[in-house]
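Here is the structure we will look at, set down as structure tokens.
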Amino acid sequence: MDRTNIITIAKSTLEIEISELEKLKNRINDDFARAVELIHSAKGKLIVVGIGKSAHVGNKIVATLNSTGTPSQFLHASEAIHGDLGVIQKQDVVLCISNSGNSPEIANLVPYLKDYSSALIGMTGNKNSKLAEFSEVILDTHVDVEACPNKLAPTSSTTIQMALGDALAVALMELNEFKANDFAKFHPGGSLGKNLTSKVEQFLSSQKPQVTENAPIRDVIISISASSHGITVVTNGDRIIGVITDGDLRRMLMKEEDISKVLAKDIMSANPRTIEKDALAKEAMKVLKENNIGQLVVTENGKYFGIIDLHKLLDEGIN
């Protein structure tokens with residue numbers, strides 16, 4: 001098989017699944033709204049039940065819901081009938097996912113799911129199934145054709161389930177007024193969380209190069225050379241009055257024949273860009289990018305506090 005055929009197969013697969021998604025979109029109705037309302041008003045958590053490929057989909061839906069403000073837990077259907085039903089409390093809502101709605105594990109389980117919970121929502125492709133019979137609300141996920149060439153392997157059907165789970169999560173986010181800062185609380189270790197919550201102080205350099213405005217050029221060179229940032233901050237008491245970079249030094253050496261009387265204030269760049277240590281790190285990155293600079297002076301209540309470096313932020317996933 002050549003590459004052209006491979007590409008054609010891929011496009012055909014996507015076309016079939018896109019077509020099924022369009023049909024799903026046209027089926028979204030009051031049943032979907034009722035399902036969202038039941039989950040939103042539940043005094044407990046959402047229990048998502050599935051088996052086979054639907055179990056994998058269920059785990060993904062649970063992960064999405066938990067990260068977007070809807071407490072959820074996955075329950076494998078085969079484990080449920082062997083003791084794990086105890087995880088369901090009467091205040092919980094159950095979402096059971098099964099394309100056929102009639103697999104033995106699901107058919108045996110649904111009466112208990114209904115009795116043990118406050119409501120049972122069935123996500124199924126068969127509205128005449130056992131799952132549909134016991135469900136208070138049915139989310140119709142039937143597909144006319146699987147993308148699999150044998151029309152057997154779950155492909156379109158699992159795509160539909162996944163997409164409907166995303167729709168539930170997004171609708172619940174809106175109802176819960178779940179914002180970016182809320183999302184960050186559940187993602188403190190990833191780049192998303194860092195960009196939304198991390199402060200400048202967390203990425204501060206351990207080095208704090210500094211000279212006074214009347215420092216001779218030798219002291220300036222020593223200060224810049226002693227740090228890895230190629231910069232030193234010029235101060236007058238508590239006040240920041242400028243910065244000197246290694247580039248400033250090179251330009252001065254090319255221009256001045258006698259550097260013995262050159263002072264820090266003579267070659268500094270006045271009024272440098274600064275940022276408060278309590279500002280978000282992403283704001284520091286924005287200033288660095290907009291001004292095409294590699295370092296930024298950090299302040300605490302306007303006083304010199306330290307240096308933050310572009311490369312440190314990039315390494316930490318701040319963008």
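Could you order the peptides 109-122, 65-78, 203-216 from most to least packed, using the average number of other C-beta atoms within 10 Å per residue?
Going by the mean number of other Cβ atoms within 10 Å, highest first, we get 109-122, 65-78, 203-216.
Taking amide H positions as placed in the peptide plane 1.01 Å from N, state which residues far from S100 in sequence (5 or more) or on other chains have amide H under 5 Å from it.
Under 5 Å from the amide H of S100: G125.
Rounded to the nearest 20 debye, what is the charge dipole size of the chain about its Cα centre when +1 sits on each Lys and Arg Cβ and -1 on each Asp and Glu Cβ?
Around 320 debye, computed over the chain.
Using alpha carbons only, how many degrees (0 to 90, rounded to 10) separate the axis of helix 281-290 from the longest principal axis of the chain?
60 degrees
Quickly estimate the mean residue ellipticity at 222 nm for the chain, helices only: each DSSP H run with n ≥ 4 gives -39500 (n - 2.57), and the total goes over all residues, rounded to 500. Numbers along the way, then the final one.
Numbers: 14 runs with 147 residues, N = 319.
The helix-only estimate for the chain comes to -13500 deg cm²/dmol at 222 nm.
To the nearest Å, what is the center-to-center distance of the stretch 42-99 and the stretch 252-319, using C-alpha atoms only?
Each part's Cα centre sits 51 Å from the other's.
Considering amide H positions built from the backbone, and no H for Pro or chain starts, which residues 5 or more places from T212, or on another chain, come under 5 Å of its amide H?
T235
Within 15 Å, Cβ to Cβ, of T235, how many net charges do the neighbouring residues add up to if Lys/Arg are +1 and Asp/Glu are -1?
That works out to 0.
Going by average Cβ density within 10 Å per residue, which order do the peptides 146-156, 6-16 take, highest to lowest?
By packing density, highest mean first, the sequence is 146-156, 6-16.
Where does helix 53-67 land angle-wise versus the long Cα axis of the chain, in degrees 0 to 90, nearest 10?
Result, in degrees: 40.
Expressed as a whole number of Å, what is the distance separating the alpha-carbon centroids of the stretch 8-36 and the stretch 204-229?
Between the Cα centre of the stretch 204-229 and that of the stretch 8-36, the gap is 62 Å.
In the stretch 33-159, what is the count of Lys pairs whose alpha carbons are under 17 Å apart, counting only pairs at least 8 residues apart or on separate chains?
Lysine pair count for the stretch 33-159: 9.
Of T274, T141, T159, which has the most accessible area with a 1.4 Å probe, and how do the rest follow in descending order?
Heavy-atom accessible area, descending, gives T274, T159, T141.
The values are calculated or read from the model by the stated rules, or taken from the named source; none is laboratory data. Since we're looking at a predicted model, the values are computed, not measured. When we count neighbours, we look across all protein chains shown, and the Cβ atoms used for this are built from the backbone with ideal geometry, even at glycine. These area figures cover heavy atoms from the full protein model, side chains too; ligands, DNA and RNA do not enter into them. Shrake-Rupley method; radii C 1.70, N 1.55, O 1.52, S 1.80 Å.
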